[in-house]
Amino acid sequence: MNRIDQKFKEGKKLLSLYFSAGHPNLEDTVPILKQLQASGVDMVEIGLPFSDPLADGPTIQESSTQALRNGMTTEKLFSQLEEIRQEIQIPLILMGYFNPMMQFGIEKFCQRCEEVGIDGLIIPDLPVDIYHEQYQTLFNQHGLYNMFLITPQTSEERIHFIDKVSNGFIYMVSSASVTGAKNTFGSAQTDYFQRIKKMKLNTPTVVGFGISNAETYEAATAHARGAIIGSAFIKFLEHQGVERIPEFIKSIRK
Amino acid sequence: MNFNVDEKGYYGDFGGAFIPEMLYPNVEELRQNYLSITAEPDFKKEFDELLKVYVGRPTPLYFAKRLSEKYKTKIYLKREDLCHTGAHKVNNTIGQILLAQRLGKKRIIAETGAGQHGVATATVCALMGIECIVYMGELDIQRQAPNVARMKMLGAEVRPAQSGSKTLKDATNEAIRDWINNPVDTHYIIGSVVGPHPYPDMVARFQAVISEETKWQLAEAEGRDYPDHVIACVGGGSNAAGLYYHYLNDKRVNIIAVEAAGKGIDSGESAATSALGKEGIIHGSKTLLMQTPDGQITEPYSISAGLDYPGVGPMHAHLFRSQRAKFISIPDQEAMDWGLTLSQMEGIIPAIETAHAFAALDVCKFGPEEIVVFNCSGRGDKDLDTYIDYFKL
Ligand SMILES: Cc1ncc(COP(=O)(O)O)c(C=O)c1O
């Protein structure tokens with residue numbers, strides 16, 4: 001069974017963290033993963049840096065640019081992850097834009113993901129329709145899940161289509177925005193979370209974009225199976241460093 | 001082979017809409033409506049009227065006598081440089097602002113490199129009384145001060161793009177991010193035949209007025225409505241798409257596309273996408289783009305800011321791969337020299353982008369009875385500082 005499904009079977013609310021591989025330092029990938037697992041994090045999204053991350057706000061853009069400057073590449077990331085499954089058991093998801101994957105070769109990319117033990121992918125600029133027509137079979141062959149985003153503007157019909165094509169989870173973008181930390185959620189967001197909950201989708205939902213602290217984590221997981229923190233964690237890493245990761249996790253979930 | 005867009009938004013292998021889900025409703029709204037809105041009699045009437053009384057169309061098709069004598073062929077210039085605001089860009093912004101109004105949009109965003117498209121967008125927003133925000137790379141803001149001032153005078157807000165390399169591609173990223181953050185009330189007026197479907201096709205259709213006029217103007221002048229060669233410079237490819245449009249599937253017409261080689265194709269400082277680019281995804285479109293082996297988009301270089309884009313529209317990627325068009329690339333120096341040549345032989349000071357196209361005369365051979373139409377895409381006023389520096393005028 002895919003580790004992502006296993007994780008959801010455990011039944012508790014999931015906390016997932018995102019960071020840009022190669023940031024703050026090139027070789028931080030494995031130490032960050034170890035700290036996150038030791039702190040009780042349920043799942044991790046490893047960001048594959050891209051020069052032009054058009055769905056991301058300033059924090060992830062800058063970490064991505066820094067990671068590239070540090071020398072991160074697709075090949076380098078796979079080599080860092082070569083032995084990762086000897087130490088890390090939680091689900092690992094690669095999140096990145098489609099162009100670097102195309103240049104690496106989609107087939108080879110999927111194969112390397114399978115070899116190192118990646119469970120799934122999130123590719124913001126690969127729309128569900130194109131995935132379904134051209135890549136789903138290949139991803140399935142390599143045991144890779146592909147997770148899709150929905151937003152407050154996504155139509156009900158499209159959400160049902162995404163639900164049908166999805167495995168793992170559906171990534172609920174909290175509001176119409178690029179990534180970036182927010183301190184609270186308004187009633188528009190809670191209404192949207194509730195609306196989706198009422199749709200009784202087959203695929204579990206996880207909220208991302210704008211989760212930054214215990215309050216937004218609580219608000220998100222009241223209506224969804226889990227939440228993803230990105231920008232706020234990246235800022236923490238930048239200022240406090242990898243060693244202090246457990247403090248960050250404790251500040252979110254007791 | 002068909003060179004127009006297919007029903008799924010592709011030109012051969014290229015095109016499509018590789019966009020994040022956050023953009024899907026915006027782009028889908030456009031896709032579902034652009035053909036029906038632009039086909040409405042009321043839209044057509046207003047578009048044609050504005051092109052006539054505001055832009056100054058039809059632009060002349062001018063027989064360049066001295067140039068023709070020198071190169072022993074029949075050379076015509078399609079005078080887009082005479083459009084209001086000084087370039088072809090305004091054909092597209094007029095079309096898109098009318099579309100945005102009919103979609104009920106209250107706010108316009110745009111990206112700009114040299115500032116030509118920014119000025120053309122600010123102009124139509126002023127014309128319609130709509131809020132206008134133009135994203136421009138921080139470096140370009142410094143390099144193109146007069147156009148920044150023009151946009152401000154026209155009432156637009158110019159927002160610096162501070163991410164990445166702080167130039168056109170980053171301004172485009174910022175505009176896309178703005179659209180993600182403002183999905184309901186905002187229309188994004190893209191400046192070339194780039195971006196996700198339906199943009200390349202929509203912009204090409206608005207620019208198609210260039211070849212539509214060329215056809216009847218040539219028929220009047222030469223007794224046939226097609227030339228033997230059409231030649232245009234290609235940045236994103238909108239002025240070229242406009243000149244080629246009605247000849248795309250006419251095999252009697254030879255298509256020539258001129259890219260900017262910058263300091264030379266192998267210099268590492270170039271914008272010749274067809275020569276240096278590989279298939280990939282930029283700004284939501286599958287096309288040819290300049291990138292590292294790892295798939296990071298690289299920064300192009302050309303002395304002309306309008307050709308300084310790391311990709312090319314999907315229509316052009318298809319024209320290149322299928323060999324329907326011949327692509328050549330011209331270095332800075334030859335383009336600059338052509339700026340001077342055209343000025344002194346025909347009394348027309350071209351934009352540096354435009355000057356690149358004319359350098360095809362040194363590369364290709366044309367027969368004495370052949371008709372060659374150049375797209376004179378813009379005038380050189382905006383480039384005077386560069387010309388002054390370069391020629392020590
Ligand atoms: C006069 C002129 N020609 C050509 C271009 C290049 O754009 P495109 O390739 O879309 O025509 C520009 C862009 O700013 C321009 O100002």
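Where a number appears in this text, it was derived from the coordinates with a stated rule and is not lab data. As the structure is a computational prediction, the values presented were derived from the model and not from experiment. Note: ideal-geometry Cβ built from the backbone for every residue, glycine included; neighbour counts use all protein chains shown.
Worth a mention:
- The ranking of B:216, B:338 from fewest to most other beta carbons within 10 Å of each one's beta carbon is B:216, B:338.
- Long-range HN-HN contacts of residue B:131 with modeled amide H, under 5 Å: B:108
- Estimated inter-spin distance, residue B:40 and residue A:79, nm [label 7 Å along Cα→Cβ]: 5.9
- Relative contact order %, the range B:175-269, counting alpha carbon pairs below 8 Å whose residues are six or more apart: 24
- Applying a threshold of 23 Å to the alpha-carbon distances of A:7/A:197; A:200/B:105; B:52/B:89; B:52/B:106; B:105/B:286 flags A:200/B:105; B:52/B:106; B:105/B:286 as lying beyond it.
- 3J(HN,Hα) along the range B:226-238: 10, x, 8, 9, 10, 9, 8, 7, 10, x, x, x, 7 Hz, from the Karplus curve 6.51 cos²θ - 1.76 cosθ + 1.60 with θ = phi - 60°, whole Hz, x for Gly and Pro.
- Three-way shape call for chain B based on the alpha-carbon gyration tensor, with the a/c threshold at 1.5: rounded
- Relative contact order of the range B:309-393, defined on C-alpha pairs under 8 angstrom at six or more residues apart (%): 24
- Over the protein assembly as shown, the reciprocal of the mean inverse Cα-Cα separation, the Kirkwood hydrodynamic radius, stands at 25.7 Å.
- ³J(HN,Hα) computed for each position of the range A:94-103 - Karplus, 6.51 cos²θ - 1.76 cosθ + 1.60, integer Hz, glycine/proline x: 8, 10, x, 7, 6, 4, x, 5, 4, 5
- Charge sum, other residues only, whose C-beta stays under 12 Å from residue A:165's C-beta, Lys/Arg counted +1 and Asp/Glu -1: -1
- Loop-resident GluC sites (Glu not before Pro) (DSSP state other than H, G, I, E or B) in the range A:21-79 with no more than 13 further Cβ atoms inside 10 Å of their Cβ are absent.
- Whole-Hz ³J(HN,Hα) from phi, Karplus 6.51 cos²θ - 1.76 cosθ + 1.60, for the range B:71-83, glycine and proline x: 9, 6, 7, 9, 9, 10, 10, 8, 7, 5, 5, 8, 5
- Peptide packing for B:260-270, B:348-358 was compared via the average number of neighbouring C-beta atoms within 10 Å per residue; ordered from the highest value, the list is B:348-358, B:260-270.
- Debye-sum result for chain A in log10 I(q)/I(0), which assumes one identical scatterer on each alpha carbon, at q = 0.17 Å⁻¹: -1.44
- For chain A, the relative contact order is 22 percent, taking Cα pairs closer than 8 Å that sit 6 or more residues apart in sequence and dividing their mean separation by the residue count.
- Here is how the number arises for the protein assembly as shown: DSSP H runs of 4 or more residues each give -39500 (n - 2.57), the sum is divided by the residue count, and the result at 222 nm is -12000 deg cm²/dmol.
- Among the cysteines of chain B, B:83, B:233, B:364, B:376 have no other cysteine beta carbon within less than 4.7 Å of their own.
- For chain B, the membrane-span-like helix rule (DSSP H, alpha carbon extent of at least 15 Å along the helix axis, mean Kyte-Doolittle at least 1.0) picks out B:116-128; this says nothing about an actual membrane.
- Sequence-distant residues sharing a close amide H with residue A:18 (under 5 Å, placed H): A:45, A:229, A:230
- Between A:200, A:235, A:182, the Gaussian network model of chain A with springs among Cα atoms under 10 angstrom shows the greatest mean-square fluctuation at A:200.
- Residue B:254 long-range amide H proximity, modeled H, under 5 Å: B:229, B:230
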